[in-house]
Amino acid sequence: MIETGFWLIRHALVAENARAFLYGVMDVPLCEPTLLEQAPMYRSLAARLPRLADWLVTPLSRTRRTAETIFAHGYPAAELRVEAGLTEQSLGEWQGLAHHELPPRLRFKAHAFWPLAGDEQPPGGESMAAVIVRVGATMERLAKSHAGREVVIISHGGAIRGAIAHALGIGADSALHLSVQNLSLSRLQRLADGWRVQCVNELPGY
């Protein structure tokens, strides 16, 4: 297999009112003041990312808006292709709940760093374990279809954890210990002998 490089960026911070509830795959807007305040981070990303790259976003507008903001801060505008396999964890019927409404509905104790344990499956949604399977299969497919290329992906915290978990061969609860902050960069390579993790949660401008 020809080497494929992946540059995974978590979308920008969502609007404050959206952060008050579980939004999962709901199409919530970004935080407008933060888009202005974090201009140095966007400039840093625009300078850091490879120029000859394929760009992917998810069906949720917060990823496209993040990509467009990177373009506005110095990266030459590129075609944005949509990859549904890299979207956020679906929280099913629990989407839209205020955070305090969730605990009584859980079957398992919440994870220390996520409202749900790795095997907790919301009604009509998916567990983090399922996200790893979905994202892992997507990353393998992309490694083949973009072989020899650099691929910039604007995605979500859950999906990026899923990609790293797939690369490392770790389970869902272990994956949830990974910090993936907004606008952070994580890099993976798919080589003939397997996956290599180059960095996780690198913050631009720091």
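Other residues within the sphere of radius under 15 Å centred on the Cβ of residue 180, judged by their own Cβ, net out at +2 (K and R +1, D and E -1). Between the C-alpha center of region 67-111 and that of region 156-197 there is a gap of 15 Å. Classify region 37-77 as rounded, prolate or oblate, taking a ≥ b ≥ c as the square roots of the eigenvalues of its Cα gyration tensor: rounded when a/c is under 1.5, otherwise prolate if a/b is larger than b/c and oblate if not. Oblate. Here region 71-124 is treated as a sphere whose radius is the Kirkwood value from Cα pairs; by Stokes-Einstein at 25 °C and 0.890 mPa s it diffuses with a coefficient of 175 µm²/s. For the chain, with only Lys/Arg (+1) and Asp/Glu (-1) charged at the beta-carbon, what is the dipole magnitude about the Cα centre, in debye rounded to 20? That gives the chain a dipole magnitude of about 340 debye.
The mean sequence distance of close C-alpha pairs (under 8 Å, at least 6 residues apart), as a share of the length of the chain, puts its relative contact order at 33 percent.
Equivalent ellipsoid of region 117-206: semi-axes from √(5λ) of the C-alpha gyration tensor, largest first, are 21, 17, 12 Å.
Surface composition of region 21-156: carbon plus sulfur atoms contribute 57% of the solvent-accessible area (1.4 Å probe, protein chains only, all chains present).
Looking at the chain, the DSSP beta bridges with both ends there are about 55 percent antiparallel.
Accessible area per residue for region 128-178 is 33 Å², calculated with a 1.4 Å probe on protein heavy atoms, without ligands, DNA or RNA. Which of 27, 193, 54 moves the most in a Gaussian network model of the chain with Cα springs under 10 Å? Most flexible of the set in this elastic network: 193.
Across region 92-170, the relative contact order, built from alpha-carbon pairs under 8 Å that are at least six residues apart, equals 26 percent.
Radius of gyration (Cα atoms) of region 1-95, expressed as a multiple of 2.2 N^0.38 Å: 1.16. In order along region 89-97, phi translates into HN-Hα couplings of 4, 7, 9, x, 5, 8, 5, x, 6 Hz, rounded to whole numbers, per the Karplus curve 6.51 cos²θ - 1.76 cosθ + 1.60 with θ = phi - 60° and x for Gly and Pro. Using the alpha-carbon positions of region 130-175, Rg (one decimal) and Dmax (whole number) come out as 10.6, 32 Å. Temperature 25 °C, viscosity 0.890 mPa s: under these conditions the Stokes-Einstein estimate for region 58-181, based on its Kirkwood radius over C-alpha pairs, is 157 µm² per second.
The values are calculated or read from the model by the stated rules, or taken from the named source; none is laboratory data. This structure is a prediction, so every number in the text was calculated from the model and none was measured. Methodologically, a virtual Cβ is constructed for each residue, glycine included, from the backbone with ideal geometry; neighbour enumeration extends over all protein chains shown. Heads up: the accessible areas ignore ligands, DNA and RNA and are worked out on the full protein's heavy atoms, side chains in. Shrake-Rupley method; radii C 1.70, N 1.55, O 1.52, S 1.80 Å.
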